[in-house]
Amino acid sequence: QSPVHSQASTECNEDEEIFINELSISLTGADKEIFFAIDAELLMYKDEANLRIALEFLHATIEDFPPEYFLQTPNLLETLMDIVWKVSQKDAVVILRLIRFILNGLKDRWIESENQHACYISVKKHMNKILQIFTDFFEHFHDQFNSVELIQQQELLNETYLILFDLADFIRETQDVCETFFNELLNMMAKVARNFRLSNAKREDNCRLN
């Protein structure tokens, strides 16, 4: 092996090690305590009052953390997705708006950094999790779409539609540099979009008849 090649390899390995270390975003100290406390409150809430306190606290602090924090342990994005169907429409709408904020934060960190590689790899390593979370979310939404209870929750439907729009934009911005296939999520999003189109068409027909 030539000295030049050996030196180049060493420099590359050192750069890669520095790069990986710089991308390590972990929860420590007070940040970790805050996230575990919010996660515990959301998962084990006993009444709507406690839930709203946790949501209000999350809303007040959400801008203080890098979006990747919401994908790490505890995975607050997944927790929010899990409880959105178990709460009142009012609380669900608040949760969906928080989810949109996190989603758009992840997209922004991917595409709007001066040092793009240093920002999007920390998101990219969670990409499979992001795709699975939203695939499960829209699968559940698709299964419940025609239920009377869901149809009557117009605010929740509107926020879900906005998430659909934001997620489509997220995929458009990230798919060229992501090694993960989006097919399963895209297929589920297409089904949900079709539900919205059919629902709107039905609503327009009813308006004309009335």
Any idea which residue in region 158-191 is modelled with the lowest pLDDT, counting only those that are among the acidic types (Asp, Glu) and more than 23 Å from Val94 (Cβ to Cβ)? Glu179
Name the pairs whose Cβ atoms lie under 7 Å apart, with the first residue in region 81-95 and open to solvent by less than 30 Å² (accessible area, probe 1.4 Å), the second among the charged types (D, E, K, R), and 6 or more positions between them or separate chains? Asp91/Glu48; Asp91/Arg52; Val93/Glu155; Val93/Glu159
Just give me the residues in region 59-75 being assigned to a helix (DSSP H, G or I), without any contact (Cβ under 8 Å) to a residue 40 or more places away in the chain and not charged (D, E, K, R), in sequence order. His59, Ala60, Thr61, Phe70
Quick one: which residue in Glu56, Glu48, Glu78, Glu41 is in contact (Cβ under 8 Å) with a residue 24 or more places away in the chain, closer than 22 Å to Leu156 by Cβ, open to solvent by 80 Å² or more (accessible area, probe 1.4 Å) and charged (D, E, K, R)? Glu48
Scanning region 88-133 for residues that are over 22 Å from Asn50 (Cβ atoms) and among the polar types (S, T, N, Q), which turns out modelled with the highest pLDDT? Asn104
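The values are calculated or read from the model by the stated rules, or taken from the named source; none is laboratory data. Being a predicted model, the structure only gives us computed values, none of them experimental. All Cβ positions, glycine included, derive from the backbone under ideal geometry; neighbour counts span all protein chains shown. Just so you know, the surface numbers come from the protein's heavy atoms only, side chains and all, with ligands and any DNA or RNA stripped out. Shrake-Rupley method; radii C 1.70, N 1.55, O 1.52, S 1.80 Å.
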